[in-house]
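Derivation of every value follows stated rules applied to the coordinates shown; laboratory data play no part. Fair warning: this is a prediction, and the values are worked out from it, not measured in the lab. We place every Cβ from the backbone using ideal geometry, glycine too, and count neighbours over all the protein chains shown.
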Amino acid sequence: MIPKFVGLKALKMKVLFVCLGNICRSPLAEGIMKHKLNLDGLIEKVVVDSCGTSDYHIGDMPDVRTRKNAEKNGVKLSHLGRQLSSSDLDQFDFILAMDRANHQNILRLGNGTHQDKIKLMREFDPMEGDEVPDPYYGNEDDFQEVFEILDRSIDGFLAHLRSKGLL
């Protein structure tokens, strides 16, 4: 995917993280990505957002356990839950789903379009794995495991963007 150009000025690349409720995995991925971009001085080049495929938590802050885990790992979260819309499929350059069920829901929403930009988050994880597990019914260790998976996967995603000359 190549950023769009207006004259000689590139528009910001847009990345969207998607899970089910938008209170655990996807807002944490959004926070980690923003944190890494800020550390690398790239925050002005990329728009990062997150959402859920369901409407369970529209307007809600991330789960308190997600917020505590992010804070423990030096990441700030400022997201309020929102639901994925069909316009997101047009507006974002990369849409990264946390699991196969949400991946399929995103693809269905797009009616077969935009398949090239809809990926599973763990496609970029250097360690073996298929999905980012949902920690909602778990404990603190489960939230930390999700943080570590997302941290690695986002590093892999950023490396992918660099290798394609997009950052």
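Details
- Fewest-first ordering of 60, 116, 49 by other beta carbons within 10 Å of each residue's beta carbon gives 116, 60, 49.
- Fewest-first ranking of 15, 132, using other Cβ atoms within 10 Å as the exposure measure: 15, 132
- Computed over the stretch 60-139, the convex hull of the alpha-carbon atoms projects to a mean area of 6.6 nm².
- In this structure, the pairs whose alpha-carbon distance is over 27 Å, taken from 72/117; 36/72; 12/76; 68/164; 45/117; 68/117, are 72/117; 68/164; 68/117.
- By the count of other C-beta atoms within 10 Å, a proxy for reagent exposure, 100, 65, 25, 122 are ordered fewest to most as 100, 65, 122, 25.
- Approximate shape of the chain as ellipsoid semi-axes (Cα gyration tensor, √5λ), whole Å, largest first: 23, 19, 15
- The stretch 56-167: relative contact order in percent, alpha carbon pairs under 8 Å with at least 6 residues between: 22
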